[in-house]
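A short write-up of the structure that comes next.
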Amino acid sequence: MCIRDRGMGSFLMKQMTRVARQRGITTFTAEVLPRNMAMLHVFHSTGLKVETRMEEGSYFVRIDLTSKTE
């Protein structure tokens, strides 16, 4: 069963953000392969401040959890 394009990534991101904030976490970091554009889209669709840089063939992403309240 494939759950791609059904919003699961966005749902999980919202849940992780909520729990992280409750626990005092202010930043997420991630390493994303270039072919995983769907995950980059999830990150950039959060409404949070997202910094992305390409390094050694991967995207390195920093998400500021303090930049917006949901």
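The values are calculated or read from the model by the stated rules, or taken from the named source; none is laboratory data. Quick caveat, the model's predicted, so the values are computed rather than measured. Note that each Cβ is placed from the backbone with ideal geometry, even for glycine, and that neighbours are counted across all protein chains shown. Note: accessible area is taken over every heavy atom of the protein model, side chains too, but ligands, DNA and RNA are not part of it. Shrake-Rupley method; radii C 1.70, N 1.55, O 1.52, S 1.80 Å.
Among the residues of the range 21-45, what is the count of those that are over 13 Å from S10 (Cβ atoms), β-branched (V, I, T) and under 11 Å from the mean Cα position of the chain (by Cα)? Walk me through how you get there before you give the answer.
The initial filter retains those residues of the range 21-45 that are over 13 Å from S10 (Cβ atoms), namely 21-37.
Still in the running and β-branched (V, I, T): 25-27, 29, 32.
Cutting the leftovers down to under 11 Å from the mean Cα position of the chain (by Cα) gives us 27, 29, 32.
Adding up the residues that qualify gives 3.
Examine the range 46-64 for a residue that is out of contact with any strand residue (DSSP E or B) (no Cβ under 9 Å at 6 or more places or on another chain) and within 19 Å of M8 (Cα to Cα), and state whether such a residue exists.
Yes: the range 46-64 contains one or more residues that are out of contact with any strand residue (DSSP E or B) (no Cβ under 9 Å at 6 or more places or on another chain) and within 19 Å of M8 (Cα to Cα).
Between R18, R4, which is open to solvent by 50 Å² or more (accessible area, probe 1.4 Å) and modelled with pLDDT of 95 or more?
Within the list R18, R4, the selection yields R18.
Residues of the range 5-60 being assigned to a strand (DSSP E or B) and in contact (Cβ under 8 Å) with a residue 24 or more places away in the chain, which ones? Outline the logic, then answer.
Going residue by residue through the range 5-60, those that are assigned to a strand (DSSP E or B) are 27-32, 49-55, 58-60.
T27, F28, T29, A30, E31, V32, S58, Y59, F60, listed by residue number.
For (1) at pLDDT below 95; (2) of a type in the set (D, E, K, R), each residue gets a yes or a no:
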position	(1), (2)
S10	yes, no
T27	no, no
V32	no, no
E51	no, yes
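Could you list, in sequence order, the residues of the range 61-70 that are outside any loop (DSSP other than H, G, I, E, B) and open to solvent by 50 Å² or more (accessible area, probe 1.4 Å)? Full working, then the answer.
Restricting attention to the range 61-70, the residues satisfying the condition of being outside any loop (DSSP other than H, G, I, E, B) are 61-64.
Correct list: R62 only.
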